[in-house]
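> Below you'll find the structure I mean.
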Amino acid sequence: MSAASPAAVDVITIGAGGGAYPAGFHLARAGLRVAMVDPKGVMSGNCLAEGCVPSKAVREMAHHLERHRRFHARGMVDASGIDYARVVRHKDWVQELRYAQHASELEETPNLALLGGRARIVDEHTVQVEAGDRRDLISARRIIVASGSDISRPPIPGAELCITSRDIYALRPTVDRVPASLVVIGAGYIGLETASFFAAFGARVTVLEMLDQILPGLDRDMVGTLAPLLAPAFETVLGAQVTRVERMPGGLRVRYRAQGRERHVDGEQVLLAAGRHPVIPDGFRELGLTVGRLGADVSPAMQTALPHVYACGDVNGRTPLFHAAVRQSLVAARNILAGDRPTDYFDRSAVPTTVFTLPAAACVGVTGGEARARAMDVLEASYAFEGDSRAQIFGEMGGEIRLFFEAGSLRLVGGWVVGIDAGNLIGEIGTAAAHRLTARQLADFPDQHPMASEGISKAARSLV
Ligand code: ADP
């Protein structure tokens, strides 16, 4: 491709992560010529590079170790330690396996090309791809902006001394052993999950959160159920405004203000987990397209103000989760195939979210807090894991399933789970809520025994 004569495609995606490649495959299989551009030069974005997949590879080992310790305490298994460097190698192996899998999927798909480089929007139908000294112009009938998000670095003096999730979860990460002590700045899902894993691996962990609850923004009742289950593993300080990070012998000192007093906590390492922000590609605003509080402005059809320019995934900040990006990407693909006429829409209310702490917490749809805020009449049904056979088998009996039904119709509008198998259970609850199943329908479903999912039908039976 030369800069003088732009190569032409039907669709170009800026980024090759969850917001981009599902549309890429769908459209290429429908016969459109698609180019995906990503500086990583590989498909699947930050989820596989440093997010969901590698963090869960680490998480499952921490979970395994925690279970092992519990069984050891009961004399069922031998004591054993953990070799964190090998855990990291396993994580790397999973990442490399998946990269290879994606590469062969790509190879097998005609009409779909992946270009390594950074994309810049030149005009409504032209994108420039920069790779090293090369500059290629590509003209495209449609553009899908799926440039994702990046780690936020608040202007705290000394923030550059901190590690980020990238140092732990990227391929061949800089962190390959467990620090004796870890301070985590931020009790969002990334900070809290990592705190939970490293506490299980034996680090002394302190989490500092500026606001008055962990997992700000998530249902308070769910968080209130989770917090005491996490409390034995690590300390959390709420209302802690970090003012400075300083070097000191053997590690770092984090200074913060809480309840009007200056305090500090020391750690061998400090993890900065103060959120992520959307990455808006160069040239986006110059098209007259706007970026709001969450990210790039889009309609539920994933269209920007220019109907042929779509913005999917973390870049629009609506629901910054991989599986939401995938759904949004497919919405964009369908609307492109319909000639940019909206025929499919993203529904934010039907996206499950799991915080993979030990134990995990998960939610979907309208839960108690939101129902109260919207003055919606809902009926609650609950099931405590204390009496659940699978929870008893593992000795993980904390937490519960809570379901919310619209009063009158008794249709499921949402739910949350704290405790065993939360990340799986929310899938069944989410499917039921997305299809507005009734308490009667859930009650009549013979959920499997002895699996934690039987709690869903048991909870529903309490209402009908
Ligand atoms: P999402 O799930 O929202 O798609 P990801 O983080 O998985 O988000 O993927 C976004 C991808 O976009 C990342 O791999 C990132 O490297 C890429 N990206 C960011 N900015 C640009 C750009 N200007 N040109 C091309 N790719 C970009």
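Every read-out reported here was derived from the displayed coordinates using simple, explicitly stated rules and does not represent laboratory data. Computed from a prediction, not measured in an experiment: that's the story for all the values here. FYI the Cβ positions are ideal-geometry reconstructions off the backbone, even for glycines, and counts take in every protein chain you see.
> Would you please put 10-16, 84-90, 209-215 in order of how densely packed they are, using the mean number of other Cβ atoms within 10 angstrom per residue and starting with the highest?
Put in order of decreasing packing, that is 10-16, 209-215, 84-90.
> Looking at region 171-301, send over the antiparallel percent of its DSSP beta bridges, to the nearest 5. The partial results should precede the final answer.
Numbers: 15 of 27 bridges.
That works out to approximately 55 percent antiparallel.
> When each pair of different Cα atoms in region 300-435 is counted once in the 1/r mean, what is the Kirkwood radius in angstroms, to one decimal?
Its Kirkwood hydrodynamic radius stands at 16.4 Å.
> With the dipole of the chain worked out from charges on the C-beta (+1 for Lys and Arg, -1 for Asp and Glu) around the Cα centre, which of T164, V355, G116 lies farthest toward the positive end?
Most positive-ward Cα: T164.
> Using alpha carbons only, how many degrees (0 to 90, rounded to 10) separate the axis of helix 220-230 from the longest principal axis of the chain?
Computed tilt is about 60 degrees.
> Among V245, T206, A231, whose Cα sits farthest toward the positive end of the charge dipole of region 171-261 (+1 at Cβ of Lys/Arg, -1 at Cβ of Asp/Glu, about the Cα centre)?
The one lying farthest along the dipole's positive direction is V245.
> A further question on this structure: Rounded if a/c is under 1.5, else prolate if a/b beats b/c, else oblate: with a ≥ b ≥ c from the C-alpha gyration tensor eigenvalues square-rooted, which is the chain?
It is oblate, given that a/c is not under 1.5 and a/b is not larger than b/c.
> A follow-up question, please. Calculated from DSSP H runs of 4 or more alone, at -39500 (n - 2.57) each and per residue, what is the 222 nm mean residue ellipticity of the chain, nearest 500? Show your work: numbers first, answer last.
Numbers: 13 runs with 144 residues, N = 464.
For the chain, the value works out to -9500 deg cm²/dmol.
> May I ask you to order 169-176, 72-79 by the average number of other C-beta atoms within 10 Å around their residues, highest value first?
169-176, 72-79
> Rounded, prolate or oblate for region 169-235? Axes are the square roots of the Cα gyration tensor eigenvalues, ordered a ≥ b ≥ c, and the cut-off for rounded is a/c under 1.5. Please report the intermediate quantities before stating the final value.
Values: a/c = 2.22, a/b = 1.72, b/c = 1.29.
Here region 169-235 falls in the prolate category.
> Also, I was wondering about something else. Could you tell me which residue out of A338, H264, L287 lies farthest along the dipole of region 211-369 toward its positive end? Charges go on the beta carbon: Lys and Arg +1, Asp and Glu -1, centred on the Cα centre.
Of the options given, the answer is H264.
> Could you work out how far helix 189-200 tilts from the main Cα principal axis of the chain, as a 0 to 90 degree angle to the nearest 10?
Relative to the chain, helix 189-200 is tipped by roughly 50 degrees.
> Please report the relative contact order for the chain, taking Cα pairs under 8 Å with a sequence separation of at least 6, and give it as a percent rounded to a whole number.
Numbers: 1039 pairs, mean separation 66.0, N = 464.
The value is 14 percent.
> Out of residues 5 or more away from E400 or on other chains, whose amide H comes under 5 Å of its own, with H placed 1.01 Å from N in the peptide plane?
Amide H neighbours of E400, under 5 Å, 5+ apart: F385, V418.
> Under the Karplus relation 6.51 cos²θ - 1.76 cosθ + 1.60, θ = phi - 60°, what is the ordered set of whole-Hz ³J(HN,Hα) values for region 142-151, x standing for Gly and Pro?
Result, rounded to whole Hz: 10, 10, 10, 8, 9, 8, x, 9, 9, 5.
> Turning to a different aspect of this structure: Determine, for T357, T206, the number of other Cβ atoms within 10 Å of each Cβ, and report the residues in order from fewest to most.
So the residues, fewest neighbours to most, are T206, T357.
> Charges only on Cβ, +1 for Lys and Arg, -1 for Asp and Glu: so what's the dipole of region 263-318 about the Cα centre, in debye to the nearest 20?
Values: 5 positive and 6 negative charges, 45 e Å.
With Lys and Arg at +1 and Asp and Glu at -1, about 220 debye.
> Each residue of region 340-347 in order: what ³J(HN,Hα) in whole Hz does its phi give by Karplus 6.51 cos²θ - 1.76 cosθ + 1.60, θ = phi - 60°, with x for Gly and Pro?
6, 9, x, 10, 9, 9, 7, 10
> Further, regarding this structure: Where the only charges are on Cβ atoms (+1 Lys, Arg; -1 Asp, Glu), what is the dipole of the chain about its Cα centre, to the nearest 20 debye? Please report the intermediate quantities before stating the final value.
Numbers: 49 positive and 51 negative charges, 80 e Å.
The dipole magnitude comes to about 380 debye.
> Net charge near V351, counting Lys/Arg +1 and Asp/Glu -1 over other residues with Cβ under 11 Å of its Cβ?
Combined, the nearby Lys, Arg, Asp and Glu give +2.
> ³J(HN,Hα) across region 317-334 via Karplus (A = 6.51, B = -1.76, C = 1.60, θ = phi - 60°), whole Hz, x for Gly/Pro?
Once θ is set to phi - 60°, the couplings for region 317-334 become x, 5, 9, x, 9, 3, 5, 5, 4, 4, 4, 4, 4, 6, 4, 4, 4, 4 Hz.
> Going highest first, how would you order 283-289, 178-184 by mean Cβ packing within 10 Å?
Most protected by this proxy first, the peptides run 178-184, 283-289.
> Please figure out what share of the DSSP beta bridges in the chain is antiparallel and state it in percent, rounded to the nearest 5.
So the antiparallel bridges in the chain amount to around 60 percent.
> Nearest 10 degrees, 0 to 90: what angle lies between the long axis of helix 52-73 and the longest principal axis of the chain (Cα atoms)?
10 degrees
> Within a Cβ distance under 12 Å of E66, other residues only, what is the Lys/Arg minus Asp/Glu net charge?
Value of the local net charge: +2.
> Can you give me the Cα centroid spacing of region 153-181 and region 396-458 in angstrom?
Spelled out, the Cα-based centre of one part sits 37 Å from the other.
> Indicate the gyration tensor shape class of region 98-157 (rounded, prolate or oblate), computed on the Cα atoms with a ≥ b ≥ c the square roots of the eigenvalues: a/c under 1.5 is rounded; otherwise a/b larger than b/c is prolate and the rest oblate.
In terms of gyration-tensor shape, oblate.
> Another question, if that's okay. Would you mind ranking F234, F197 by Cβ crowding within 10 Å, fewest neighbours first?
F234, F197
> Take C52, C312 and order them by how many other Cβ atoms sit within 10 Å, fewest up front.
Exposure proxy ranking, most exposed first: C52, C312.
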